[in-house]
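Here is the structure we will look at, set down as structure tokens.
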Amino acid sequence: MPYRLPPLNTLRPFEAAGRHLSFKRAAEELNLTPSAVSHALQTLEQWLGSPLFVRQHRSLALTAAGQALLPEVRAMLDRLASVTAALPGTTPAGSLTVSVAPTFGLRWLVPRLPHFRDKHPDIALVLDTSHRPADLPRDGVDVAIRMRQDDWRPEEGTNLHASRLVDESLVPVCAPSLATRLHSVADLAAHALLHVDSVAEEWGAWATLRGAVLPSTKAGIHFDTVHMALDAAASGLGVAMGRLPIVEGDLAAGRLVTVLGPPQAIRTSYWLVTSRMGRNRPEVAAFRAWLKAELSAPTPAGQRPV
């Protein structure tokens with residue numbers, strides 16, 4: 001018995017317009033004109049015999065029929081994209097879009113990408129370092145590297161799969177020239193502490209885990225990114241809270257050394273997030289295996305004893 005299907009070329013414009021509630025934004029996403037999106041939706045509505053959108057002067061809303069159809073079309077497109085990407089027998093030779101936070105991307109991932117390129121020269125990489133939430137796989141992102149402070153299990157019914165990559169650890173770091181004057185926690189009193197206001201666990205969390213009491217110090221300096229605080233520490237401005245694995249490249253290069261160690265494990269972990277079907281795609285599997293191998297490598301030297 002033949003399938004009675006709606007015009008298939010109308011489903012992507014419908015899903016994009018329903019998600020954005022905008023013909024213009026749907027057109028930009030699909031590289032179409034707004035009139036082409038509007039025409040596709042009119043064709044779908046005529047085939048269904050029911051309107052899907054309420055078109056107002058400056059806004060767009062879904063009708064009851066549109067609200068019922070949208071999640072079904074979205075699930076169908078997600079599954080089709082995932083199934084075709086994970087077909088058996090294919091080799092990792094396509095493109096891979098990775099969503100990653102700027103600091104992790106700049107300080108850990110990018111310096112190691114030559115190793116990945118050496119192993120997989122046929123995989124074209126695209127890095128997305130924007131702070132927007134990644135909507136896998138609908139927005140073109142194949143894998144996302146994210147931080148969470150709990151044992152992350154994506155909610156039932158979602159299309160996401162998350163696997164833990166590595167736990168984060170804290171350890172103070174500074175320029176080598178400054179490290180010679182830091183032998184105990186009490187020595188921090190003579191130096192400026194560099195703080196990052198955008199993170200949840202920092203000097204206070206480290207002191208608690210270390211079983212230490214922070215002394216009264218010189219006026220601290222506050223930053224809004226870990227990246228800036230680490231650069232400031234490398235310049236000799238003060239002592240920053242190093243976050244492993246982010247700071248590993250600075251330790252290996254000798255720009256920073258750890259003091260008052262050993263590192264203290266915290267609740268935050270890095271996770272690799274993919275779509276459930278997309279995790280079996282050859283490019284994704286190759287990237288995941290490479291990431292885990294790099295993260296399990298020994299931490300670079302650069303520690304000083306307490």
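The values are calculated or read from the model by the stated rules, or taken from the named source; none is laboratory data. Given the structure is predicted, the values throughout are model-derived calculations rather than measurements. Backbone-built Cβ (ideal geometry, glycine too); neighbour counts: all protein chains shown. Accessible surface areas use protein heavy atoms only, side chains included; no ligands, DNA or RNA. Shrake-Rupley method; radii C 1.70, N 1.55, O 1.52, S 1.80 Å.
Structure notes:
- Directionally averaged projected area (convex hull, Cα atoms, the range 221-262), nm²: 2.9 nm²
- The mean sequence separation of alpha-carbon pairs under 8 Å and at least six residues apart, normalised by the residue count of the chain, gives a relative contact order of 21 percent.
- Measure of compaction for the range 1-60 (Cα Rg per 2.2 N^0.38 Å): 1.13
- Overall, the anisotropy analysis places the range 163-306 in the prolate class: the square-rooted eigenvalues a ≥ b ≥ c of its C-alpha gyration tensor yield a/c not less than 1.5, with a/b exceeding b/c.
- Computed [θ] at 222 nm, deg cm²/dmol, the chain (DSSP H ≥ 4; -39,500 (n - 2.57); rounded to nearest 500): -10500 deg cm²/dmol
- When the solvent-accessible area of the chain is split by element, carbon and sulfur atoms take up 56 percent of it, the probe being 1.4 Å.
- Each pair of Cα atoms in the range 180-245 enters the Kirkwood radius, and Stokes-Einstein at 4 °C and 1.567 mPa s then converts it into a translational diffusion coefficient of 106 µm²/s.
- Distance-filtered residues of the range 218-247 - backbone nitrogen under 16 Å, label point 7 angstrom along A265 Cα→Cβ: 244-245
- Normalised per residue, the accessible area of the chain is 51 Å², obtained with a 1.4 Å probe and no contribution from ligands, DNA or RNA.
- Spin-label proximity, L125 to the range 276-296 - amide N less than 16 Å from point 7 Å beyond Cα toward beta carbon: 283-296
- Value of Rg to Rh for the chain, rounded to two decimals, is 1.10; Kirkwood radius and Rg both from alpha-carbon coordinates.
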